[in-house]
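S.K.: This structure is in structure tokens; I'll ask about it shortly.
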Amino acid sequence: MTQPQANQAQAELWNGQAGRNWVEQNALLDRLLEPLVPPLVEAVRRQGARDVLDVGCGAGATTFAVADALAGQGRCTGLDLSVPLIDLARRRAAEIGADNAEFVAADAQLHAFPPARFDAVISRFGVMFFDDPVAAFAKLRRAARPDAGLACVVWRGIEDNPFMTAAERAAAPLLPEPPPRAPDAPGQFAFADRQRVSGILTAAGWREVDLQPLDIACEMPADDLATYAVRMGPVSLALPTLEPDRRDAVIEAVRRGFEPFVSDGVARFTAACWMMTGRA
Ligand SMILES: C[S@@+](CC[C@H](N)C(=O)[O-])C[C@H]1O[C@@H](n2cnc3c(N)ncnc32)[C@H](O)[C@@H]1O
């Protein structure tokens, strides 16, 4: 019997509907998640890194920010298993002339990295999707030079991030019951458990592993909320399967679900994250 390919479900998702949604909503998402860029650029600066790997880089917002900070001194390589997102990142690099940002379409858990190539490994929300996180982080460690720094931002728990699950909570009574969320399964909240994540990094050979809470204020114009609510996350994936009446009811329920976050025309929330650091 042939073994299923690692990360197959995530590869299908990010090369399918989720990838398309992230491409189409790229401008909105970049604005929304921009406040999480400076802590990663700062981590690279502190390490004095010159050759940086950005894991699960998506359309490249963090790759471009790091490349810009290293202009004339170094480069940043963004790697992602989503071909549509890497295609977009490459188009953006050409448009802005970011010649020290390069992009690789590959699975970080499976890719044949040159050994000891990078002097820093970073990620904004791109490392929670591995079938085998120990294997993936061991691979990243081997791609890092001795003493290279690791700095990744990952989500803390669902209970700390009510904005992120507002749509699915509001839509739940109108949708078929989803399979129960396995807390450690690959996905947005897979790295919520500090002890578990610390164990994964240590088992993968990273030293000086540390997870510190990082709470970042984020906002978006309330006018963007309708698009965000129906194009991102699990509800967006369920909507195309619904009859028009049910679909409209879900969209209205989701709109109401976000109301508590809106004031003065702006939706505000705190991104409750870990800044996860280590050393190769
Ligand atoms: C939540 S998005 C974050 C994208 C980007 N870092 C950002 O902040 O805009 C997660 C990204 O991780 C990528 N990803 C998931 N599993 C991956 C893997 N095994 N190897 C490389 N990239 C992966 C997805 O394709 C997606 O682009």
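Every number in this text was worked out from the coordinates using simple rules, so none of it is lab data. Since we're looking at a predicted model, the values are computed, not measured. FYI the Cβ positions are ideal-geometry reconstructions off the backbone, even for glycines, and counts take in every protein chain you see.
S.K.: Which distance in nm do the two modelled labels at Asp132 and Arg117 give, with both placed 7 Å along the Cα-to-Cβ direction?
M.R.: Between Asp132 and Arg117, the label points sit 2.0 nm apart.
S.K.: Decide, for segment 31-155, between rounded, prolate and oblate: order the square roots of the alpha carbon gyration tensor eigenvalues as a ≥ b ≥ c, take rounded if a/c falls under 1.5, and otherwise choose prolate if a/b is larger than b/c, else oblate.
M.R.: rounded
S.K.: Using the number of other C-beta atoms within 10 angstrom as an exposure proxy, rank Val154, Val266, Val230 with the fewest first.
M.R.: On the way: Val154 22, Val266 14, Val230 19.
Ranking Val154, Val266, Val230 by Cβ neighbours within 10 Å, fewest first, gives Val266, Val230, Val154.
S.K.: Something else about it: Which angle between 0 and 90 degrees, to the nearest 10, do you get for helix 222-231 versus the longest principal axis of the chain when only C-alpha atoms count?
M.R.: For helix 222-231, the angle is close to 80 degrees.
S.K.: Let me ask something additional. To test your reading of the geometry: what angle, between 0 and 90 degrees and rounded to tens, separates the Cα axis of helix 194-203 from the longest principal axis of the chain?
M.R.: The answer is roughly 30 degrees.
S.K.: Report the gain in length on full extension from Asp264 to Cys218: 0.36 nm times residue separation, minus Cα-Cα distance, nm rounded to one decimal.
M.R.: On the way: separation 46, 0.36 × 46 = 16.56 nm, distance 1.48 nm.
Length gained, Asp264 through Cys218: 15.1 nm.
S.K.: A further question follows. If you take the square roots of the eigenvalues of the alpha-carbon gyration tensor of segment 76-214 and sort them as a ≥ b ≥ c, do you get rounded (a/c under 1.5), prolate (a/b over b/c) or oblate? Can you show the working numbers first?
M.R.: Values: a/c = 2.09, a/b = 1.31, b/c = 1.60.
Here segment 76-214 falls in the oblate category.
S.K.: Additional query: Once you have a ≥ b ≥ c as the square roots of the Cα gyration tensor eigenvalues for segment 171-250, tell me rounded if a/c is under 1.5, and otherwise prolate or oblate according to whether a/b is larger than b/c. Each step should come with its number before you reach the end.
M.R.: Details: a/c = 3.86, a/b = 1.90, b/c = 2.04.
The shape class here is oblate.
S.K.: Starting from the Cα of Asp147, move 7 Å in the Cα-to-Cβ direction to define the label point; list residues of segment 39-83 whose amide nitrogen is under 14 Å from there.
M.R.: The answer is 47-50, whose backbone nitrogens lie closer than 14 Å to the label point.
S.K.: State to the nearest 20 debye the size of the charge dipole of segment 70-226 about its Cα centre, where the only charges are +1 on K and R beta carbons and -1 on D and E beta carbons.
M.R.: Values: 16 positive and 22 negative charges, 123 e Å.
Value, rounded to 20: 580 debye.
S.K.: Taking 7 Å along the Cα-to-C-beta vector as the label spot, tell me the Glu12-Arg255 distance in nanometres, rounded to one decimal.
M.R.: 3.4
S.K.: Compute the FRET efficiency between Arg246 and Glu95 as 1/(1 + (r/R0)^6), taking r as their Cβ-Cβ distance and R0 = 41 Å, and round to the nearest 0.05. Intermediate results must be reported in sequence, preceding the final value.
M.R.: Numbers: r = 40 Å, r/R0 = 0.98.
Between Arg246 and Glu95 the formula returns 0.55.
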